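The values are calculated or read from the model by the stated rules, or taken from the named source; none is laboratory data. Here the structure is a predicted model, which is why all the values come from computation and not from measurement. Counting neighbours? That spans all protein chains shown, and the Cβs are built from the backbone with ideal geometry, glycine included. Just so you know, the surface numbers come from the protein's heavy atoms only, side chains and all, with ligands and any DNA or RNA stripped out. Shrake-Rupley method; radii C 1.70, N 1.55, O 1.52, S 1.80 Å.
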Amino acid sequence: MRATSQGMDMTADKAADAFVEFERVQKSYDGETLVVKDLNLNIGRGEFLTMLGPSGSGKTTCLMMLAGFETATHGDIRLDGKAINNIPPHKRGIGMVFQNYALFPHMTVAENLAFPLEVRKLSKADIETKVGRALDMVQMKAFGGRRPAQLSGGQQQRIALARALVFEPELVLMDEPLGALDKQLREHMQYEIKHLHERLGVTVVYVTHDQSEALTMSDRIAVFNDGVIQQLAGPATLYEKPENAFVAQFIGENNKLRGRVENIEGSHAVIALDNGPKVKALAVNCGGIGKPTLLSIRPERVILGPEAGETALKGRVVELIYLGDHIRCRMEVAGDDEFIVKVPNNHAHAVLQVGEETPIGWVVDDCRALDAA
Amino acid sequence: MAETTTETTKNAPLLAADGTPLRRKLEQALFVSRMRALGLVAPLLAFILAVFIIPIVYFMIQGMHNPVYADRMPNSTPILQAWDGQSPVTEEMAEAMVKDLILTRDNREIGRVATRVNQEFSGARSMFTSSARKAERMEPPFLEALVDADKDWGKQEVWRAIKVAATSWTPAYYLAALDFQYAGDGSITRQDAERRIHVALFVRTMEISLIVTISCFVLGYPVAWLLAELPVRKANLLMILVLLPFWTSILVRTTAWIAMLQGQGVMNDLMVFTGLNQVILQISMLFNDYKDLTVSSLCGIDVNAALGSIPAAVEKFGASPPGTLTRCGAEILAAFEQGGESGARSHAEALAASAQRWGYGDERFSMIYNKLGTIIAMTHILLPFMILPLYSVMKTVPPSYLRAAKSMGATNWTAFWRVYFPQTIPGIGAGALLVFILAIGYYITPALVGGQDGQMISNFIDFHMRRSLNWSLAAALGGVLLIIVLFFYWLYDRIVGIDNMKLG
Ligand SMILES: Nc1ncnc2c1ncn2[C@@H]1O[C@H](COP(=O)(O)OP(=O)(O)O)[C@@H](O)[C@H]1O
Ligand SMILES: [Mg+2]
């Protein structure tokens with residue numbers, strides 16, 4: 001709960017001091033389909049904002065419009081209050097990290113880092129100190145004389161990061177910068193980038209399709225699908241209070257039960273499940289009475305056994321997977337046998353058996369009635 | 001198990017499962033696969049050896065070894081070789097010569113011998129053949145008899161020339177290829193100034209090759225870039241256009257160039273029609289205001305026409321007209337006032353001589369049958385050899401490099417020059433080396449459109465192979481050319497590094 005409120009606060013005050021603004025931005029490559037549809041997004045100064053979404057949802061396009069490599073078909077993009085639609089990329093002063101790092105292969109690491117400083121015509125001495133500092137920052141002091149090809153993937157990643165930061169831009173864009181790394185290194189680099197962001201206070205716009213990466217690193221996450229921001233919120237809000245079925249599905253694991261709205265009582269709704277009884281749920285995005293809806297319940301919020309309480313349904317255990325800290329229990333609930341429950345591995349829980357029927361339930365507010373997409 | 005393995009490595013060589021040492025076993029296995037590989041390439045190796053390596057070696061040797069004389073003149077050859085070239089010609093030498101002349105006349109080899117000696121000393125052919133006819137009836141003293149037959153036999157330098165011809169192994173041809181003269185007494189001197197043609201020809205060959213290479217680069221680089229950037233379908237279309245020269249007969253292409261570039265050709269017509277020729281002339285005049293070359297560029301090759309054009313020019317432009325044509329005319333007029341008609345004529349001739357390479361007659365440029373024509377046609381033909389390696393390299397440079405550079409504040413130009421261009425250097429190197437080496441030995445195009453000053457070294461080699469039949473000199477010229485090519489290859493390796501080359 002605490003994390004949630006913090007996320008909400010940040011959303012409020014960061015957006016007020018908008019550093020980057022997308023206003024009604026549209027983008028089409030071919031004149032037939034819109035790749036980005038009516039994008040409105042404010043990014044606060046010093047914020048770490050992640051664009052998260054499946055491949056092809058328009059994240060890179062948004063980033064490229066911000067960097068100036070693509071022009072918006074319609075709408076305004078403002079940086080620090082100034083419209084930048086007509087400013088060429090090299091005058092925007094935005095640092096970028098690319099997925100393939102784009103380190104110049106014919107230059108040494110130090111020359112790569114010196115490049116943005118040289119084009120800014122800094123003095124030799126200044127360049128040297130700044131390059132040294134940047135190398136220090138990513139703990140690569142000893143590698144200045146090497147060529148990019150002589151570095152491992154993780155090291156190249158660090159150099160790319162240092163190069164995007166060395167000229168002290170106020171805004172850094174990263175397009176799936178960790179996509180080429182293996183899992184362990186990726187997790188390590190996530191923390192490193194996060195700490196760098198905290199230390200330097202730059203604004204970061206980060207693109208990824210990996211939801212756990214987004215949750216780990218971001219102040220706020222904009223979930224993209226099909227060229228539209230589905231939800232913009234802090235990680236905790238996004239996970240715990242998804243506003244539509246896409247977000248609920250895309251972020252974390254989710255149980256869905258299909259039904260129809262039968263009645264709405266204040267902030268709650270009574271839903272008739274397609275293959276089962278009526279349940280009560282939080283009416284988030286479910287439309288009026290009679291409309292189809294999708295109920296979303298996180299697996300770890302499902303309560304098994306006698307404590308299941310008032311909304312109790314019956315569930316039959318189909319499969320049990322032992323995962324150490326918890327047991328993953330697949331059940332058949334209301335005709336759907338993909339219902340997952342994460343049972344904590346502690347003494348309080350009775351040992352389940354495959355085929356066993358048990359009552360299941362949840363706190364009403366944990367069950368969210370969303371659009372039936 | 002692990003223990004036994006470590007022990008064996010310490011004490012004895014590792015053994016394979018059947019007990020033979022592992023190293024031997026591996027060598028056997030490798031030998032078999034190597035033999036198989038050799039067997040596969042053997043036909044190609046034999047082919048290359050037979051049609052490439054052996055002829056080249058043979059040809060290079062021919063540049064140093066010419067036994068035509070020594071093989072056919074057995075009596076005089078050893079005596080001439082023993083002669084120091086300084087002391088007077090002896091009766092013994094003359095007697096041997098007469099014997100040989102009789103011998104070669106009888107077996108009808110005298111013509112070849114005479115040709116060989118003629119290469120060293122022109123006039124030797126008739127001297128040999130006529131003397132050989134009379135040799136049967138010659139009586140001692142033979143030296144006087146020879147001088148009676150042809151008084152050239154009395155000259156010592158003639159005998160020295162014969163001595164050179166009698167030496168089978170000789171540096172004379174390679175020296176001649178470099179404009180040096182090798183005399184019978186072993187001295188090496190520079191060729192007479194007016195006969196030094198080879199070095200100048202090598203220089204011109206390299207100059208043309210260099211210009212062609214640079215033109216190919218300048219024209220090819222943007223095309224290659226376009227090929228790499230365009231969407232696949234358009235790129236393929238463009239690629240076909242690029243490769244078109246490969247698919248057209250060289251004669252058709254060259255004829256097309258002749259039609260385009262000749263005096264009454266398309267390009268000249270177009271320039272006259274648009275007035276571009278005047279612009280070009282004015283500009284060139286601006287740059288070379290006081291140089292004969294440009295001042296006279298309009299007066300053309302035909303001196304009479306130049307003299308005749310003066311009234312027309314005055315009529316056209318008025319009394320003090322601004323154009324090149326009339327400047328030229330004014331000069332001739334001034335010369336006429338000073339030196340009469342002969343003065344005007346000689347001045348016009350001088351102007352015309354220096355104007356030949358620029359244009360003739362009525363303000364048209366000669367762009368074919370000269371160096372310019374060779375350069376244009378060769379650039380066209382060799383362009384794909386520059387574009388293809390460039391394209392294949394550019395294709396591998398991801399666009400994100402340019403974007404990265406620009407995001408860091410580089411302008412388009414800086415991004416191109418500091419980031420994109422350096423990464424295309426392997427392609428530039430490969431293309432330039434390819435074009436240059438192909439150009440330096442190019443034959444057919446200069447032969448067809450080269451005229452006088454567009455000839456290259458290979459045309460001379462051809463001349464000596466087919467016309468003068470001086471194969472040894474041809475071989476020596478070819479040898480020098482080969483050495484130059486190898487030198488450039490070495491230079492390239494030193495500067496760019498041959499392993500940096502990307503051909504495709
Ligand atoms: N240069 C381009 N030309 C045409 N279509 C493009 C181009 N770049 C991206 N697209 C299309 O735009 C959509 C969004 O792409 P992109 O922004 O790269 O998505 P993401 O980064 O979220 O994977 C995709 O359908 C893609 O095919
Ligand atoms: Mg992308």
- Note on the structure: Among B:Arg190, B:Arg204, B:Arg195, B:Arg133, the single one that is within 21 Å of B:Ala96 (Cβ to Cβ) and not aromatic (Phe, Trp, Tyr) is B:Arg133
- Query: Can you tell which of B:Ala432, B:Ala410 is at negative phi and either outside any helix (DSSP H, G or I) or within 13 Å of chain A (Cβ to nearest Cβ) (or both)?
  - Reply: B:Ala410
- Where in the stretch B:84-203 are there helices (runs of 4 or more DSSP H), lying wholly inside it, with at least 1 residues that are over 23 Å from B:Pro74 (Cβ atoms)? B:124-135, B:142-149, B:156-166, B:172-177
- Message: Restricting to the stretch A:157-178, and then to whatever is open to solvent by 10 Å² or more (accessible area, probe 1.4 Å) and more than 20 Å from A:Glu128 (Cα to Cα), can you tell me which residue is farthest from the chain's Cα centre (by Cα)?
- Response: A:Glu170
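Each row is one residue, and each column tells you yes or no for (1) aliphatic (A, V, I, L, M); (2) more than 16 Å from ligand 1 (Cβ to nearest atom).
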| residue | (1), (2) |
| --- | --- |
| A:Thr71 | no, no |
| A:Ile87 | yes, yes |
| A:Glu111 | no, yes |
| A:Gly132 | no, yes |
| A:Pro148 | no, yes |
- Determine whether A:Ala134 is touching a residue at least 60 places away in the same chain (Cβ under 8 Å) and within 29 Å of the chain's Cα centre (by Cα). no
- From A:Gly53, A:Gly46, which residue is in contact (Cβ under 8 Å) with a residue 24 or more places away in the chain and either among the basic types (Lys, Arg) or more than 15 Å from ligand 1 (Cβ to nearest atom) (or both)? A:Gly46
- Residue check for B:Phe273: surrounded by fewer than 17 Cβ atoms within 10 Å (Cβ to Cβ), over 30 Å from B:Lys163 (Cβ atoms), in contact with a helix residue (DSSP H, G or I) (Cβ under 9 Å, 6 or more places away or on another chain) and modelled with pLDDT under 85: no
- Task: Would you mind telling me which numbered condition in (1) touching a strand residue (DSSP E or B) at 6+ places or on another chain (Cβ under 8 Å); (2) surrounded by fewer than 16 Cβ atoms within 10 Å (Cβ to Cβ); (3) in the same structural domain as A:Val364 (by TED's automatic domain parsing); (4) more than 24 Å from A:Pro359 (Cβ to Cβ) A:Gly324 fails?
- Result: (1)
- Task: Kindly indicate the residue of the stretch A:21-55 that is surrounded by fewer than 15 Cβ atoms within 10 Å (Cβ to Cβ) and away from ligand 2 (no atom under 16 Å from the Cβ) and also nearest to the other protein chains (Cβ to nearest Cβ) among those meeting that condition.
- Result: A:Asp30
- Query: Scanning the stretch A:189-210 for residues that are among the hydrophobic types (A, V, I, L, M, F, W, C) and away from ligand 2 (no atom under 16 Å from the Cβ), which turns out nearest to A:Leu173 (Cα to Cα)?
  - Reply: A:Val204
- Message: Being away from chain B (no Cβ under 14 Å) and at positive phi is the filter here; which residues of the stretch A:165-194 pass it?
- Response: none
- Query: Among A:Val207, A:Val138, which is the only one that is within 16 Å of ligand 1 (Cβ to nearest atom), closer than 24 Å to B:Arg403 by Cβ and of a type in the set (A, V, I, L, M)?
  - Reply: A:Val207
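Matching residues to (1) closer than 14 Å to A:Asp366 by Cα; (2) out of contact with any Lys or Arg (no Cβ under 8 Å at 6 or more places or on another chain); (3) buried (at least 23 other Cβ atoms within 10 Å of the Cβ):
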{"residue": "A:Val205", "(1), (2), (3)": "no, yes, yes"}
{"residue": "A:Leu232", "(1), (2), (3)": "no, no, no"}
{"residue": "A:Gly288", "(1), (2), (3)": "no, yes, no"}
{"residue": "A:Pro306", "(1), (2), (3)": "no, yes, no"}
- Take the residues in the stretch B:413-424 that are touching a His at 6+ places or on another chain (Cβ under 8 Å) and either of a type in the set (A, V, I, L, M) or touching a residue at least 24 places away in the same chain (Cβ under 8 Å) (or both), then tell me which one is nearest to the other protein chains (Cβ to nearest Cβ). B:Gln423
- Note on the structure: The condition of being under 30 Å from B:Thr115 (Cβ atoms), assigned to a helix (DSSP H, G or I) and modelled with pLDDT of 90 or more holds, among B:Ala404, B:Ala476, B:Ala415, only for B:Ala476
- Task: Name the helices (runs of 4 or more DSSP H) wholly inside the stretch A:56-153 in which the number of residues that are open to solvent by 30 Å² or more (accessible area, probe 1.4 Å) and within 13 Å of another protein chain (Cβ to nearest Cβ) is 2 or more.
- Result: A:109-119
- Near pairs, Cβ below 8 angstrom, 6+ apart or cross-chain, from the stretch A:74-95 (in the same structural domain as A:Phe19 (by TED's automatic domain parsing) and in contact (Cβ under 8 Å) with a residue 40 or more places away in the chain) to any residue that is open to solvent by 50 Å² or more (accessible area, probe 1.4 Å) and outside any strand (DSSP E or B): A:Asp76/A:Asn85; A:Ile77/A:Asn85; A:Asp80/A:Glu170; A:Gly93/A:Glu170
- Task: Starting from residues that are assigned to a helix (DSSP H, G or I) and touching a helix residue (DSSP H, G or I) at 6+ places or on another chain (Cβ under 8 Å), keep the ones in the stretch B:230-250 and report whichever is surrounded by the fewest Cβ atoms within 10 Å (Cβ to Cβ).
- Result: B:Phe246
- Could you grab me the full set of residues in the stretch A:37-55 that are under 19 Å from A:Ala18 (Cα atoms) and not in a strand (DSSP E or B)? A:Arg45, A:Gly46, A:Glu47
